[in-house]
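For reference, the structure is listed below as structure tokens.
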Amino acid sequence: MKSLFKAFGYIAILLSSVFVSTLSFADTQTAPVTETETLFTQELDQATLLDQATMAVLVKENTRCIRCHQKERLLKQIKPITSVGKHKSEANLDNCTACHGNKGDHPIDNQVIISHVPTDYMTIETQNEQCMDCHKADELAEKEWTHDVHEKDVNCSSCHSLHQEIDPIINAEKSFRVKLCVDCHRDPQAKKKLIMKEGN
Amino acid sequence: MDSARRKVLLGLGTGAIIAATGIANANIIGTVIIDGQRYAMIHDESKCIGCEACVDACKETNNVPDGVTRLEIIRTKVGDSPDAEYSFFRKSCQHCESPSCVQVCPTGASFIDTKTGIVDVNPDRCVGCLYCVAACPYKVRYLDPVTKSVDKCDFCRKTKLAKNELPACVQACPKDALIFGDLNDMSSDIRAQLNQKPTYKYKEYLGTKPKMFRIASNKRGVVS
Amino acid sequence: MMETLNHAFHFETLVWHWPIAIYLFVLGVSSGSMCLALTIKHFEPDKESISKNPLVISAAILAASMVALGLIILVIDLSKPLDFWKVLVYQFANPTSVMGRGVTLFIVYQVFTFAWILTVFNKEILAIINKFINNQTLNKFINTTADLLARFSKPIEISLLVLSILLGVYTGFLLSVLVSYPLLNQPILPLLFLASGLSSGISATVIFSIIVFSAHSYTKGMSLSHRLETPIVVCELILLMMLIFGMTFGLAAEQEAIRVAIAESFWAYVFWIGVIFIGIICPLALTFFASDTLKHQKSFIIGQALLTLVGVMSLRMFILYAGQMVIA
């Protein structure tokens, strides 16, 4: 009986010292967790690569886009397009059609191209869907929640400038982003201009 | 009168004086001068777009160091992308009329400014015991890493209000979702809004008597 | 497991850390020791032998030093330690502050403690001082003061008993005014802290007296200490159960707070193993089931007292940390 209690006592003391030693964790610092950012996760798999013929057509179209648009289009005051930044694609020869749709009868028929500005012949939602083909809604929302509330009413191009090497809004400073929100939301007239542009 | 009775009376008398001063003192902490102002704020969640311009303006105006904030906008997502909606909740000092932080401060560093009804901190008196940070049920107080005193939103009492301007957050809001004013002034904007719209206050059941009113967001609710 | 452990000590709503738990612990030891010393003196009225009783000597040393230690810990834990004097000078600026009233209590308690120690240990103190300084005026001054105070011995002891109990409940009140934390904002906390403070004071005094002053199980006051311990520990258990039951059938915030504390976090382990098993069940089991010969062994007495101390320290850590996990 005596030795039983002795053993009991020793075990209890051992357990208690284990617990006291866990107090040493009281001052451990948490390691910062780094998140890897992936926005565009769609992998190009073999099935989605277009066949030779379709590719040939696209390359030809894209060449024709660049031929006209590398200079300033004085009639519509369209600035020369010198870069497509991150969307550059050598396979599609700079990839105009991926974002703006197939050339079709443009510029004779001006309503076939997706212009990514508010128009009265193509809804903003339809225009944005071209971007959403690759950039999924879930991923956009995870990266920046404001995508959810703007996807249907505001052109992606209102915040994103793709015809330059670096899109300024990517990883922008918080004060830059806040200014962007405020500038548009403060002035009800400005907001209207962005959503309902007269003509083209 | 024999000595036993004398002792009892003396004890009772002393006890009565101590109790009376205790009660009187307790009242002083919570009382606001009648002629003074009772500043309060409404956060209209139905107008708030979560741009956090208020957070930015506050930080700049009041020189809030990095790592701490006087004001936070808590975002709640309702639904799934791309049809999700968001509602926003402002987390900042409620400027309670029965503030826990003032009741617990051992040096009186946390106090109610009787002229304005604003709950503020005297950084010179503060020793950094963090009792008030623990006591605040809204968890809006923080230890300033530079001054080593406790700090929090003071309705820009020392910055904008001192120059007779509205607080920085109110000025910065693009949607006019923040309304600031004196509850004692019956003709103020805030009184008008409170009379027109139904408002709610956060954690009212704790008896803190907060002065931050909220107009509920009109986004559809979540059933969990 | 590391994740859980890390989270247990670092979470968003945590304000007061382990130094405060140690402060709460030592204050309890001080109040319990003083109560024990006064109780022993009351039941063993032989004036001469009291100042030589190892338990009374240990209790007096612990009572005076532990509260000083607690204050030092508190001052170091401030974010502006050099401004600690402001708590003393401005303590009456806010009469409703429990911490402010605690500061007042410390001063009065320490004064009375030193006064009592002087009356009881007059000769011993003089002997120690004379080893270093032999000044007749100083000796006369000490003797006169001691004799003056000895005339008020009874009122001083009664006041000191009241002050010790106030010190014991003060630690509970300090936490229970925090409206923000449901587990801390409980009216039973001061009583719980008083009970655990008393038991920790008794245990600490017993250990100290055996190790430093060669006390043993037949020392006058030792059996009294043990006879006091058991009902106090049982009270502690009852109070804990009342806390748990009360909160389980309380408001939503209280229900969540107690569930997280005793069933969902790392602190649940600390509670059931540290507080209940090591701190309450083991000492009680040892009391009821150990043989008489075993009970008179010094190692047994020290072991049992150590278990109680671990239990009380676990309780302080548990209440402080688990209490801050859930907001009202």
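The values are calculated or read from the model by the stated rules, or taken from the named source; none is laboratory data. Note that this is a predicted model, so its numbers are computed, not measured. Neighbour counts run over all protein chains shown; Cβ positions are idealised from the backbone, glycine included. Ligands, DNA and RNA are excluded from the accessible area calculation, which covers all protein heavy atoms including side chains. Shrake-Rupley method; radii C 1.70, N 1.55, O 1.52, S 1.80 Å.
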Residues in the stretch C:96-111: is at least one over 20 Å from the mean Cα position of the chain (by Cα), more than 21 Å from C:Ala64 (Cβ to Cβ) and within 14 Å of another protein chain (Cβ to nearest Cβ)?
-> yes
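Conditions tested, residue by residue: (1) out of contact with any Gly (no Cβ under 6 Å at 6 or more places or on another chain); (2) of a type in the set (A, V, I, L, M, F, W, C); (3) surrounded by fewer than 20 Cβ atoms within 10 Å (Cβ to Cβ); (4) part of a loop (DSSP other than H, G, I, E, B).
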{"position": "C:Leu55", "(1), (2), (3), (4)": "no, yes, no, no"}
{"position": "C:Ser58", "(1), (2), (3), (4)": "yes, no, no, no"}
{"position": "C:Ser65", "(1), (2), (3), (4)": "yes, no, yes, no"}
{"position": "C:Leu74", "(1), (2), (3), (4)": "yes, yes, no, no"}
{"position": "C:Phe92", "(1), (2), (3), (4)": "yes, yes, yes, yes"}
{"position": "C:Phe106", "(1), (2), (3), (4)": "yes, yes, no, no"}
{"position": "C:Val111", "(1), (2), (3), (4)": "yes, yes, yes, no"}
Considering residues that are among the acidic types (Asp, Glu) and in a strand (DSSP E or B), the number found within the stretch B:117-128 is 1
Matching option when the condition is within 12 Å of chain B (Cβ to nearest Cβ), open to solvent by less than 60 Å² (accessible area, probe 1.4 Å) and either within 24 Å of A:Ser83 (Cβ to Cβ) or without any contact (Cβ under 8 Å) to a residue 12 or more places away in the chain (or both), among A:Glu144, A:Glu173 | A:Glu144
Look at C:Ser223 and say whether it is part of a helix (DSSP H, G or I), polar (S, T, N, Q) and open to solvent by 10 Å² or more (accessible area, probe 1.4 Å).
-> yes
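Going through B:Cys153, B:Cys132 one at a time, which residue ends up being hydrophobic (A, V, I, L, M, F, W, C), open to solvent by 10 Å² or more (accessible area, probe 1.4 Å), part of a loop (DSSP other than H, G, I, E, B) and touching a residue at least 12 places away in the same chain (Cβ under 8 Å)? Walk me through how you get there before you give the answer.
Working: B:Cys132 fails: part of a loop (DSSP other than H, G, I, E, B).
B:Cys153 is the lone residue from the list that is hydrophobic (A, V, I, L, M, F, W, C), open to solvent by 10 Å² or more (accessible area, probe 1.4 Å), part of a loop (DSSP other than H, G, I, E, B) and touching a residue at least 12 places away in the same chain (Cβ under 8 Å).
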Among (1) farther than 25 Å from C:Ile202 by Cα; (2) surrounded by fewer than 18 Cβ atoms within 10 Å (Cβ to Cβ) - the single one C:Ser153 does not satisfy = (1)
What are the residue pairs meeting all of these: first residue in the stretch A:103-121, first residue of a type in the set (Asp, Glu), second residue assigned to a loop (DSSP other than H, G, I, E, B), Cβ atoms under 8 Å, and 6 or more apart or on different chains?
-> A:Asp105/A:Val112; A:Asp120/A:Glu198; A:Asp120/A:Gly199
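Every residue, every condition in (1) closer than 23 Å to C:Thr4 by Cβ; (2) in contact (Cβ under 8 Å) with a residue 60 or more places away in the chain, yes or no:
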{"site": "C:Glu256", "(1), (2)": "yes, yes"}
{"site": "C:Tyr269", "(1), (2)": "yes, no"}
{"site": "C:Val275", "(1), (2)": "yes, no"}
{"site": "C:Phe300", "(1), (2)": "no, no"}
Give the residue, chosen from C:Leu167, C:Leu161, that is away from every other protein chain (no Cβ under 14 Å), among the hydrophobic types (A, V, I, L, M, F, W, C) and surrounded by fewer than 23 Cβ atoms within 10 Å (Cβ to Cβ).
-> C:Leu161
Got a number for residues in the stretch C:170-193 being part of a loop (DSSP other than H, G, I, E, B) and either open to solvent by less than 10 Å² (accessible area, probe 1.4 Å) or touching a residue at least 24 places away in the same chain (Cβ under 8 Å) (or both)?
-> 11
Yes/no for C:Glu3 being assigned to a helix (DSSP H, G or I) and at pLDDT below 95 | yes
Subset of the stretch C:76-90, residues in a helix (DSSP H, G or I) and at the interface with another protein chain (Cβ under 7 Å from one of its Cβ atoms), comes to C:Asp83, C:Lys86, C:Val87
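Yes or no, residue by residue, for (1) within 30 Å of B:Asn184 (Cα to Cα); (2) modelled with pLDDT of 95 or more:
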{"site": "B:Gly30", "(1), (2)": "yes, no"}
{"site": "B:Gly36", "(1), (2)": "yes, no"}
{"site": "B:Ala57", "(1), (2)": "yes, yes"}
{"site": "B:Arg70", "(1), (2)": "yes, yes"}
{"site": "B:Asp83", "(1), (2)": "no, no"}
{"site": "B:Ala109", "(1), (2)": "yes, yes"}
{"site": "B:Lys115", "(1), (2)": "yes, no"}
Which condition number in (1) open to solvent by 60 Å² or more (accessible area, probe 1.4 Å); (2) within 26 Å of C:Tyr181 (Cβ to Cβ) is the one that B:Asp176 fails?
-> (2)
Counted residues in the stretch B:49-65 being assigned to a loop (DSSP other than H, G, I, E, B) and not charged (D, E, K, R) come to 7
Tell me, please, whether a residue that is within 12 Å of chain C (Cβ to nearest Cβ), touching a helix residue (DSSP H, G or I) at 6+ places or on another chain (Cβ under 6 Å) and farther than 25 Å from C:Val89 by Cα can be found in the stretch B:118-132.
-> no
Which of (1) open to solvent by less than 30 Å² (accessible area, probe 1.4 Å); (2) away from chain B (no Cβ under 14 Å); (3) more than 21 Å from C:Lys47 (Cβ to Cβ); (4) more than 23 Å from the chain's Cα centre (by Cα) does C:Asn130 not meet, given it meets every other one?
-> (1)
Scanning for something within 12 Å of another protein chain (Cβ to nearest Cβ), without any contact (Cβ under 8 Å) to a residue 12 or more places away in the chain and more than 19 Å from B:Ala53 (Cβ to Cβ), does the stretch B:157-165 turn up at least one residue?
-> no
C:Ser164 being in contact (Cβ under 8 Å) with a residue 12 or more places away in the chain, assigned to a helix (DSSP H, G or I) and of a type outside the set (Phe, Trp, Tyr) = yes
Among the numbered criteria (1) among the hydroxyl-bearing types (Ser, Thr, Tyr); (2) more than 8 Å from chain A (Cβ to nearest Cβ); (3) more than 16 Å from B:Ala216 (Cβ to Cβ), which single criterion is violated by B:Ser81?
-> (2)
Mind checking whether some residue in the stretch C:236-258 is under 30 Å from C:Ala215 (Cα atoms) and open to solvent by 40 Å² or more (accessible area, probe 1.4 Å)?
-> yes
Output the number of residues of the stretch A:120-141 satisfying the condition of being under 11 Å from the mean Cα position of the chain (by Cα), more than 9 Å from chain B (Cβ to nearest Cβ) and open to solvent by less than 40 Å² (accessible area, probe 1.4 Å).
-> 1
Of (1) under 16 Å from B:Lys59 (Cβ atoms); (2) open to solvent by 20 Å² or more (accessible area, probe 1.4 Å); (3) in contact with an Asp or Glu (Cβ under 9 Å, 6 or more places away or on another chain), B:Val170 satisfies all except one. Which?
-> (2)
Would you check if C:Ala37 is within 14 Å of C:Ile202 (Cβ to Cβ), part of a helix (DSSP H, G or I) and more than 14 Å from chain B (Cβ to nearest Cβ)?
-> yes
